[in-house]
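Here is the structure we will look at, set down as structure tokens.
Laboratory data are not the source of any read-out in this text; all were calculated from the coordinates shown. Given the structure is predicted, the values throughout are model-derived calculations rather than measurements. Neighbour counts run over all protein chains shown; Cβ positions are idealised from the backbone, glycine included.
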Amino acid sequence: MRTAAPVAPGKPHQGAGRRGFTLVELLVALVVMSLLSLMSWRGLEAMGRSQRLTQARADEVQALQSGLAQWGADLDAMATDLSNPRAANSLPSALDWNGLLLRITRGCSSGAESGLCVVGWTLGEDQGRKVWLRWQSPPVQTQAALQLAWQQAALWSQSPTAASRARQVPITPLLDWQLYYNRGGAWSNPGSSSEAATTTPDGVRLVLNLPPDQALAGTLTRDWIRPTAVGEKS
């Protein structure tokens, strides 16, 4: 009968121990984990940028929609019963366009105070960029105060001061804009008719030229028709 050979003292039996990771294997594992972490971080960063861009575009669209809604509200509230600006009392007209500034005299209120306000719309600068701007005077109750507000709107569009800028609201970046009046069923330049300074038009067409880096770019047209206007507008 054969017997097993004795194991030498201090020498482990073959197969009795476990083999561990080598240094090279640990380094390879660390490199792989680092690459996976980097790829995951870049993916999360890209998702964050996409969400921020989407939110910025949504804010741009909302700002433009709010501005157009305010534009329509100003025209809807236009005080059409004012006297002719060429009359002896020199009251401002309800609507005036000089090629750069549109002034609207409208009813308004601020808290318990109510009266007439002069609203101005123009293309100006805000933070070094061309922007569509809206300005509004405080409510006034007298002819003198209304005339002063009318003049302040003109000064604001030409040489704005810190006080006048405090009353302006930037609407949206803009390259250019044009206006057309509807009289007798046809759209034309506001100054092309002898009636331009004496009567309120049946409609106002707003044409905005939006910059290409905005959520909405290109040409945007918005028509406003006076509620009491008669006839088809095209």
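To the nearest 0.05, how large is the calculated FRET efficiency for Ala56 and Ala162 if R₀ is 35 Å and r is the Cβ-Cβ distance?
Efficiency, rounded to the nearest 0.05: 0.75.
Over the Cα atoms of region 143-214, compute the convex hull volume and normalise it per residue, giving Å³. Please list the in-between numbers first.
On the way: hull volume 10.2 nm³, N = 72.
Dividing the Cα hull volume of region 143-214 by its residue count gives 142 Å³.
Order by neighbour count: Ile104, Ile225, fewest other Cβ atoms within 10 Å first, most last.
With the fewest neighbours first, Ile104, Ile225 line up as Ile225, Ile104.
Tell me, what does the Kirkwood hydrodynamic radius of region 95-206 come to in angstroms if you use every pair of distinct C-alpha atoms?
Working: mean 1/r = 0.0665 Å⁻¹.
Computed over Cα pairs of region 95-206, the Kirkwood hydrodynamic radius comes out at 15.0 Å.
With each pseudo-label sitting 7 Å past Cα toward Cβ, what's the Lys130-Leu38 distance in nm, one decimal?
4.5 nm
Could you pull out which residues in region 159-188 have an amide N less than 14 Å from a spot 7 Å beyond the Cα of Glu113, following the Cα-Cβ vector?
In region 159-188, the label zone of Glu113 (backbone N under 14 Å from the point 7 Å along Cα→Cβ) covers 167.
Residues of region 116-134 with the amide nitrogen closer than 13 Å to a label point 7 Å from the Cα of Gln143, along Cα-to-Cβ, please.
In region 116-134, the label zone of Gln143 (backbone N under 13 Å from the point 7 Å along Cα→Cβ) covers no residue.
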